[in-house]
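Here the structure is laid out as structure tokens; the discussion comes afterwards.
The values are calculated or read from the model by the stated rules, or taken from the named source; none is laboratory data. Remember, it's a predicted structure, so these values are computed and weren't measured experimentally. All Cβ positions, glycine included, derive from the backbone under ideal geometry; neighbour counts span all protein chains shown. The area values use the complete protein model at the heavy-atom level, side chains included, leaving out ligands, DNA and RNA. Shrake-Rupley method; radii C 1.70, N 1.55, O 1.52, S 1.80 Å.
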Amino acid sequence: EQPIFSTRAHVFQIDPATKRNWIPASKHALTVSYFYDATRNVYRIISVGGTKAIINSTITPNMTFTKTSQKFGQWADSRANTVYGLGFASEQHLSQFAEKFQEVKEAARLAREKSQDKTELTNPALSITSHQVLPSPIISSNGPGEDKLFRSQSADVEISTEKERLKKMLSEGSVSEVQWEAEFFSLQDNNSKLVAALHEANANVDQWKKQLAAYQEETETLRQRVAELESQGAHDSSSENNKEELSQTLEELELLIKAKDEEIQMLKSQKCSRWEAEGEREETLQKLQELEARNAELERRLHLAEQTLAETLSEREKIQNEVTKVAEIMDVKIFELSEIRQGLAKLVE
């Protein structure tokens, strides 16, 4: 077969799950060509990426190519049970492809009518009324590669053409050949997808079980860690008591310092009034020095108590942060375990 028209475009296929989003068939633009199969007397659109046929769409008279934007067009293929989309580099390329699609579609219609007329001439005994014949789907099979070919035996081909002509003569309520074949390929594709999903699920069950066991072990470790942190929390309560004792001690020291300051002021005033008494002066100075030394010792103890209180508060804050982090990790692991259990339940169903 030789291409009768070729162009380059980015190829897309509709997402079979959502039927809304486009899935790119390749990272780069591909060559998209129209082919004429003289053996089967059909027209096809083919695009090959590497060794795989990205597009293999047989054009039928009931197909329609729709321009959805200035550089993008699409058409539905009921045989392949998908929708193809092409993104062109310019609006001119899109117009050329659309015009060629219309020409090939008309040529396919004329080829079908010609084939039907030829069948009627060679088989005059089959000219019967529509109410005498029941519709029957055409038997199709998958050939090598990705092309869907009809059986090659001459008898089967002749029966297929006769059935196709007879179905056209039926009333509007009869099922067409395209609908039967589309349903067949859709069921076949769904069956293959279900088998593949089942194999994949069976292959992943052991891995999920191992992952579940690992999560359970990690959860047990986290529970032990929480128990340790709770025991540390008990020590924190004792630290709380120590903090209260330190606070009381600080208050007592502050009151004592205040009293000593008052005593110093009083002694200073007494020193001024009793300057003549040398002995009392020396005694007062010595007492003042002792009071100052004691005051310095009290200040030092106060400073140490403040440092101890700050360290205790910092350590308590760290422990609380660690407990919060462990609780968050446990929540995440519990959520993951619930998801795995739900996934296993779905697999069991």
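Here are the numbers for the structure shown:
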{"read-out": "Hey, residue 70 over 31 Å from the mean Cα position of the chain (by Cα), assigned to a helix (DSSP H, G or I) and farther than 25 Å from residue 193 by Cα or not", "value": "no"}
{"read-out": "Residue pairs meeting the criteria (Cβ under 7 Å; at least 6 apart or on separate chains; first over 22 Å from residue 209 (Cβ atoms), in the stretch 321-349; second basic (Lys, Arg) and open to solvent by less than 90 Å² (accessible area, probe 1.4 Å))", "value": "326/225"}
{"read-out": "Flag if residue 65 is crowded, with 17+ Cβ neighbours inside 10 Å and farther than 16 Å from residue 8 by Cβ", "value": "yes"}
{"read-out": "Residue ID - surrounded by the fewest Cβ atoms within 10 Å (Cβ to Cβ), chosen from residues in the stretch 1-15 that are under 36 Å from the mean Cα position of the chain (by Cα) and under 30 Å from residue 112 (Cα atoms)", "value": "8"}
{"read-out": "Sole residue being out of contact with any Phe, Trp or Tyr (no Cβ under 8 Å at 6 or more places or on another chain) and in contact (Cβ under 8 Å) with a residue 40 or more places away in the chain, chosen from 60, 51, 68", "value": "60"}
{"read-out": "Residues of the stretch 300-349 classified as open to solvent by less than 70 Å² (accessible area, probe 1.4 Å), of a type in the set (Asp, Glu) and closer than 30 Å to residue 197 by Cα, total", "value": "1"}
{"read-out": "Failed item, numbered, when residue 89 is tested on (1) part of a loop (DSSP other than H, G, I, E, B); (2) open to solvent by less than 40 Å² (accessible area, probe 1.4 Å)", "value": "(2)"}
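Table: residues versus (1) among the β-branched types (Val, Ile, Thr); (2) under 21 Å from residue 9 (Cα atoms); (3) open to solvent by 80 Å² or more (accessible area, probe 1.4 Å); (4) at pLDDT below 85.
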| site | (1), (2), (3), (4) |
| --- | --- |
| 35 | no, yes, no, no |
| 50 | no, yes, no, yes |
| 93 | no, yes, no, no |
| 110 | no, no, yes, no |
